[in-house]
1. Could you name the aspartates and glutamates in cross-link range of Lys20, using Cα to Cα under 16 Å and dropping any fewer than eight places away on the same chain?
2. Given H placed 1.01 Å from N in the peptide plane, which residues other than close sequence neighbours of Met261 have an amide H under 5 Å from its amide H?
3. Just to confirm my numbers, what's the Cα centroid distance between the stretch 228-287 and the stretch 337-361 in Å?
4. Using each residue's phi in the stretch 563-580, evaluate 6.51 cos²θ - 1.76 cosθ + 1.60 at θ = phi - 60° and report the 3J(HN,Hα) Karplus result to the nearest Hz, with x for Gly and Pro.
5. Contact order normalised by length for the chain, with contacts defined as Cα pairs under 8 Å and 6 or more residues apart; what percent is it?
6. On alpha-carbon atoms, Rg over Rh for the stretch 553-636 using Kirkwood Rh?
7. At a Cα cut-off below 20 Å, give the lysines reachable from Lys544, other chains included and same-chain residues fewer than 8 away excluded.
8. Past the 35 angstrom mark, what percentage of all C-alpha to C-alpha distances in the chain do you count?
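Each reported figure results from applying straightforward, stated rules to the coordinates on display, with no laboratory input. On a predicted model such as this, the values are computed, not experimentally measured, just so you know. Here the Cβ positions follow ideal geometry from the backbone for every residue, glycine too, while neighbour counts run over all protein chains shown.
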Amino acid sequence: MTQSMKHVIVGTAGHIDHGKSTLVEALTGTNPDRLEEEKRRGITIDLGFAFLDLDGVRLGFVDVPGHERFVRNMLAGVGGIDLVLLVVAGDESIKPQTREHFDICRLLEIPRGLVAITKADLVEPDVLGLVRLEVEEFVRGSFLEGAPIIGVSGRTGAGLDQLKGELLRVALEARAKDSSRYFRLPIDRAFAMKGFGTVVTGTLVSGSVRPEEEVELFPPQQRLRVRGLHSGGKAVERAEAGQRTAVNLAGVELEKIERGMALVAPGRFQPTERLDAGVTLLPSARTLKNRARTHFHQGTAERIAEVVLLGETQLAPGQSCFAQLRLDHPVLVLPGDRFILRQFSPVITIGGGVVLDSLAPRHRAGSPTVVKHLETLERGSREDILAALATAEPRGLDLSRIVARTGWLESEVRESAAKLAQAGRLRILSEQPLVAASAEAMTNLTNKLRETIEAFHKTNPLLPGISKEELRGRAAASARPELFQAALHDLAASKQVTVAGDIVQRAGREIALLPEEAGAKEQIEKEFERAGLTVPHLAEVLAKLPVETKRAQKLLQILLREKVLVKVSDDLVFHRRAIEQLHELLSRYKRERGERLPIPAFKELTGITRKYAIPLLEFLDRERVTRRVGDERVIL
Ligand SMILES: Nc1nc2c(ncn2[C@@H]2O[C@H](COP(=O)(O)OP(=O)(O)OP(=O)(O)O)[C@@H](O)[C@H]2O)c(=O)[nH]1
Ligand SMILES: [Mg+2]
């Protein structure tokens, strides 16, 4: 057998004793009834497995029990099948579990199959013809309309070759399961093998797996190592979607594992107890009340589910609507997964549906947007769905969350996000890891930030602005940090706010000082004004203030910026009036004594020491009030 062989899973379906297991054995040579009790009682109790290689296709058979008490076992097997082999006994025709199994196949949207009328050796040809007519009528309007209906005998072998031919034809048409997606294996059996330890089996519904790889067991979300793989009774180096697969696991005891758990790609998914779904009720069911308790079957898992109807108060037979299912224990499901609902008691199949959001939030009762949102999840393109998820998640979305919630590959998420970003519907806030937010979420947050800053200014007129941390706490506490950063950046870039260090303020806002700061500022100004040209030591003035050095320096900066003080050199500062006074002195000197100004004359004129005279003259040179000529100045 080569790896390129097509793998197709065939499930039997049909009423008890109609010859399903006999037919599987006649086709494959393997008796699928493996349990002692099954052999003794002559009925199937649990799932059985067998294989048949036909011209490049490997058929993996999942043989199910027909007994009405074991429908739950049947449900654990039917979840992974690609085509159904509906078995109807020629001597009994259609019976209750023929209907129930067929309903289940329709609800699960099994896309194709064929019908075998068994025990052909027991009935006259005209009876067989009658049963055929009944079957044709029965499947009319369903996925089996026009499917092959073949009379066979598991006992004499009559019709088996024709059945194999049709099986091959239908199997070739079947769409292969996708090996390129994430690995998922719902567990239908777990046992211990001497010398190997724990082995689990299941139908590999997507992705692939190799020995030594890490996988995750759900629930309880535990990482395990694959020690070895078997498929079709042989050790294999790789198992891929569509194969019946046995996985030998390291690091887990048999008691920890049960049917209904799943092995999946590690680090991708989250178990859920709350999911949104499209639900359809069978025409044969009774009206479903809101919040009815049901049995929920998905993959190999079975849970109790409360069905909260969305947009409807009850669901009539044959009708569909959206619902939120609340489970008693977590499961691992993804959008697109189909499930079956059975009445709580007595237990009969009443409907089924498809998962739309596996990590659904609680919805407000009667929320008008929920139905629209779920319509998008059900029918929208990948971009529409991503946009809807982003809109419903005002705090921002990250890649891992999108993958966990959709089952999409990373590349698919990135591609869709890029398309939405180009169309202006999504903002990509970070590429690695990918974080995004809807355009709407961005607008809402920038508005909220602006309002919060305004409100802060109003209540804190003397503070320069709000700290980033406080702003985030008030306006964006639950938003992802990337979202807050981007919104703040947007406001700054559009010059609506100013961000200075840690402080955010409305753009153009005057700095409001604390009362003690305003006082200190005035004190500096007064001191320099009073001093005139005989300025005090700057450091001394600042040291005397009632505020600490850092704030004193800031106040000095403000005075310089306001041009109240004039900086002549690093530690020499004059009041604006003193400089004006100096200009007057110089022009009077020029008028009265001429333009030449030796340094001693300057000192005499101004009354300042040499220490200050030189930097002040250099300042005047720079200001083009004087010009240095030799040791003297010329007043310009
Ligand atoms: N004469 C005749 N007997 C058959 C044929 N197929 C099955 N039987 C008999 O019918 C009985 C039931 O057959 P099974 O194959 O166990 O039926 P099943 O559908 O697997 O039954 P469950 O798994 O319990 O639902 C057995 O005694 C079989 O020997 C057939 O084609 N001809
Ligand atoms: Mg059987």
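1. Asp33, Glu38, Asp46, Asp63, Glu68, Asp91, Glu92, Glu100, Asp121
2. Those qualifying (amide H under 5 Å, at least 5 residues apart or on another chain) are Ile187.
3. The two parts, judged by their Cα centres, are 17 Å apart.
4. 6, 6, 9, 10, 8, 9, 8, 3, 10, 10, 10, 10, 6, 3, 4, 5, 5, 4
5. Numbers: 1276 pairs, mean separation 46.3, N = 636.
In percent, rounded to a whole number, it is 7.
6. Radius of gyration relative to Kirkwood radius: 0.99.
7. Cross-link targets: Lys521, Lys526, Lys554, Lys567.
8. 59 percent
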